[in-house]
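What follows draws every value from the coordinates through simple rules; no lab data is involved. Everything quoted here is computed from the prediction, not taken from an experiment. Note: ideal-geometry Cβ built from the backbone for every residue, glycine included; neighbour counts use all protein chains shown.
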Amino acid sequence: MMTFPVIKQKAAYILESGMNTIRRLSIFKRLVLSFLLIILIPNLIIGYNSFNISSQEMEKSISGSTRQILRNVSSNINGKLTVYESLAARINSDVRLRELLGKCSGIEKTKYMDQQIEQEYMDYKRQIGNILYQPASSFDIINLEILSDSDEFTEVDYLGKVRGGSLKDAE
């Protein structure tokens with residue numbers, strides 16, 4: 001490890017050799033070198049500082065824009081989710097729907113289903129589909145279903161056409 005006097009001595013040697021090199025140059029070359037140093041050093045400092053300042057400002061601007069975009073996206077998503085939450089609450093609180101699902105559940109538990117009970121079950125299922133169709137058509141929902149342990153209830157329009165897909169179709 002070098003001590004301070006040794007470093008000072010080496011620095012003095014480098015400075016002295018640099019000065020000797022400059023002294024050997026012609027006056028024209030010394031003038032050109034001095035003007036280049038006078039022009040280049042401030043310009044390099046100004047350029048470096050300008051680059052750093054503009055980089056920081058761009059970073060702030062981009063961060064602000066990104067935050068604003070994220071706020072807008074969050075607001076849009078929350079607006080959509082609020083609509084779907086109110087739809088889910090409306091479906092969940094539908095007394096007629098609960099009554100029909102209870103009847104279907106009772107029929108599903110019977111071991112023996114004759115043609116009349118099966119017809120009654122299909123009628124309840126169609127009514128459930130109609131109830132599901134009403135909110136789905138007003139909210140531009142493609143498919144609205146209720147799944148039970150043994151069956152699925154898909155929305156059905158008033159003409160009897162089943163809308164959307166079924167999980168049974170996916171298997």
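Considering every Cα-Cα pair within the chain, what fraction, in whole percent, is farther apart than 18 Å? For the chain, the share of Cα pairs beyond 18 Å comes to 78 percent. The distance between label points at Gln56 and Arg24 comes to 4.5 nm (points 7 Å beyond Cα on the Cα→Cβ vector).
Provide, for the chain, the number of lysine pairs with alpha carbons under 23 Å apart, each pair being eight or more places apart or on different chains. Lysine pairs meeting both conditions in the chain amount to 10. Computed from the Cβ-Cβ distance with R0 of 45 Å, the FRET efficiency linking Ala11 to Ser75 stands at 0.10. Helix 4-24 axis versus longest C-alpha principal axis of the chain: approximately 70°, rounded to the nearest ten.
Across the range 44-55, computed HN-Hα scalar couplings (Karplus, 6.51 cos²θ - 1.76 cosθ + 1.60, θ = phi - 60°) run 5, 5, 5, x, 5, 5, 4, 4, 5, 5, 5, 4 Hz from first to last residue, x flagging Gly and Pro.
One decimal place: the segment Asn92-Arg67 gains 5.4 nm when fully extended, by the rule 0.36 nm per residue minus the C-alpha distance. Within the chain, the longest segment free of exposed loop sites, counting trypsin sites (Lys or Arg not before Pro) that fall outside DSSP classes H, G, I, E and B and have at most 11 other Cβ atoms within 10 Å, spans 1-110.
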